[in-house]
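The values are calculated or read from the model by the stated rules, or taken from the named source; none is laboratory data. Bear in mind that the values here come from a model prediction, so they are computed numbers and not experimental data. Here the Cβ positions follow ideal geometry from the backbone for every residue, glycine too, while neighbour counts run over all protein chains shown.
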Amino acid sequence: MLKFTPFQHRIPALALLLLSAGLLAGSARAQQQRERTIDEIKTEAMRRAENGMYPLIGLDPADVREAFAAIKSLNDDEWAAGFAAVADRYMAQAKALETSDPAKANAAYIRAWRIYSFGRWPVPSSEGKRRNYAKALEAFLAHTRFMDPPLQVVRIPFEGSEIVGYLRLPKNAQGPVPLVIAISGLDSRKEDLSENFGAILPYNIGFLAVDSPGTGQAPIKASETAERMFSHVIDYALTRPEVDKTKIGVDGQSFGAYWATKLAIIEHARVKAVVAQSPPAHATFQKEFVLERTLGNREYLFGLVPALTSIYEHAKTIDDLAEILPKMSLVYQKLLGKPTAPMLIISGALDTQVPVSDTYLLLSNGDVPKEAWINPQGGHLGRQVKIWPDPVIFRQVIIPWLVRTLGVEGGGKEATK
């Protein structure tokens, strides 16, 4: 069983100085970064598809290669059309097979959903990409019809609109069960989370997956107060008779980890366990970091600036981000040092999107000892090619911690599909 080490002491000043020096030393290299060309994107995307790496986890390299054959530029609609042509074929196959071969139909819907979703990546910024996102939702929801236990689409009224979430509970659960509110990241979606979190159901834990502010079907844009959306989700979860009101957990990845961290502080009395995977806290939002490390970031496949600007109401350029993002800092908001719920913070020491110094900052503040899993050779989310891919971290690190911290008894005995 994996062991986690509670972090109870402040990081020595020398360590923080070394981290700062590392950021400064990298600035000259960062200034030379540029966005990948279409040929470079194709090469890197194929490498990721062949190695099961984000954002191509679960995609067949042959399907990606076929789509790329029709894409000659970085035009959004050309990108969308290349992937739509491949996904449309699987969508048609799935519909034709629903009656005669449900298992093959389900597999085809999954394939179509993943291809459509990458065809809108990183954000649905054109008519073609918006069509792909709508088709991805259609394919995913068709896939959910084959799930056992079932997935329920919940619509929670919120500020004149609604929060759309996916609720899935363990099969044949005995009594109220723990529930994890899963929050997507900048470019992932609640559909991705729902597919991943199916692995937690056998442990007698349910989940409610939602999109981050400014992404997917979220009703509001990102802002310094957008975590109120998730507080409302907690309100809703507490009304469900199937849910153990004393065992609410939260899981967030990347930008979703920012919201998870805020909930660990603001909602510490109502949540029992919070997982924050590469949580931005302070350094990530500083103007210098935004200008030096965002444009052309090579850990991000492409389009990090458009992805970030899309989640804010009044952001159009990287300069806009440099003015907006500092307000998101937990230091600026005077939240550090306040009481927190128990947390597991996961990071990679080589992360170029969220510096590991933000993790150390969180670990050394607050009133409750936190637990950490830091991969010294890991990048964003602690990933390490083939050794610590996303699914392995989820199954071997996140799930065991949630099971233990939520106090689940008899977990792992229930079978699910």
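Which of the residues that make up segment 234-269 are within 29 Å of Thr309 (Cα to Cα) and of a type in the set (Asp, Glu)?
Within segment 234-269, Asp251, Glu267 qualify.
Please enumerate the residues belonging to segment 49-65 that are assigned to a helix (DSSP H, G or I) and of a type in the set (A, V, I, L, M).
We begin by selecting, within segment 49-65, every residue assigned to a helix (DSSP H, G or I); these are 49-50, 61-65.
Residues satisfying the conditions are Ala49, Ala62, Val64.
Which of the residues belonging to segment 66-93 are in a helix (DSSP H, G or I) and hydroxyl-bearing (Ser, Thr, Tyr)? Working first, answer last.
First pass over segment 66-93, keeping only residues in a helix (DSSP H, G or I): 66-69, 76-93.
If the condition is that a residue be in a helix (DSSP H, G or I) and hydroxyl-bearing (Ser, Thr, Tyr), then Tyr90 is the only one that fits.
Test Leu14 against the stated conditions and say whether it is farther than 18 Å from Pro122 by Cα and modelled with pLDDT under 95.
Numbers: farther than 18 Å from Pro122 by Cα: yes; modelled with pLDDT under 95: yes.
Yes.
For the structure I just gave you, tell me whether Leu362 is in a helix (DSSP H, G or I), hydrophobic (A, V, I, L, M, F, W, C) and modelled with pLDDT of 95 or more. It would help to see each step written out before you state the result.
Working: in a helix (DSSP H, G or I): yes; hydrophobic (A, V, I, L, M, F, W, C): yes; modelled with pLDDT of 95 or more: yes.
In short, yes.
Which of (1) among the aromatic types (Phe, Trp, Tyr); (2) within 21 Å of Ser329 (Cα to Cα); (3) touching a Phe, Trp or Tyr at 6+ places or on another chain (Cβ under 7 Å) does Trp373 not meet, given it meets every other one?
That leaves (2) as the condition not met.
For segment 377-392, name all the residues that are closer than 30 Å to His268 by Cβ and outside any strand (DSSP E or B).
Our first condition is that a residue be closer than 30 Å to His268 by Cβ; within segment 377-392, this holds for 378-383, 388, 390-392.
Scanning segment 377-392 gives Gly378, Gly379, His380, Leu381, Gly382, Arg383, Asp390, Pro391, Val392.
Yes or no: Lys135 of a type outside the set (Asp, Glu) and either under 19 Å from the mean Cα position of the chain (by Cα) or part of a helix (DSSP H, G or I) (or both)?
Values: of a type outside the set (Asp, Glu): yes; either under 19 Å from the mean Cα position of the chain (by Cα) or part of a helix (DSSP H, G or I) (or both): yes.
It is true that Lys135 is of a type outside the set (Asp, Glu) and either under 19 Å from the mean Cα position of the chain (by Cα) or part of a helix (DSSP H, G or I) (or both).
Considering only segment 283-298, state which residues are within 15 Å of Ile324 (Cβ to Cβ) and either aliphatic (A, V, I, L, M) or buried (at least 20 other Cβ atoms within 10 Å of the Cβ) (or both).
The first filter runs over segment 283-298 and keeps only residues within 15 Å of Ile324 (Cβ to Cβ), leaving 284-291, 294.
The answer is Thr284, Phe285, Phe289, Val290, Leu291, Thr294.
Out of the residues in segment 255-310 that are among the acidic types (Asp, Glu) and part of a helix (DSSP H, G or I), which is nearest to Arg189 (Cα to Cα)?
Step one: of segment 255-310, the residues among the acidic types (Asp, Glu) are 267, 288, 292, 299.
From the residues that got through so far, the ones that are part of a helix (DSSP H, G or I) too are 288, 292.
Values: Glu288: 29, Glu292: 27 Å.
Out of the qualifying residues, it is Glu292.
Restricting the first residue to segment 245-265 and requiring it to be touching a residue at least 60 places away in the same chain (Cβ under 8 Å), which pairs with a second residue that is among the β-branched types (Val, Ile, Thr) and assigned to a helix (DSSP H, G or I) meet a Cβ separation below 7 Å and a spacing of at least six or different chains?
Listed pairs, sorted by first residue: Ile248/Ile234; Asp251/Ile398.
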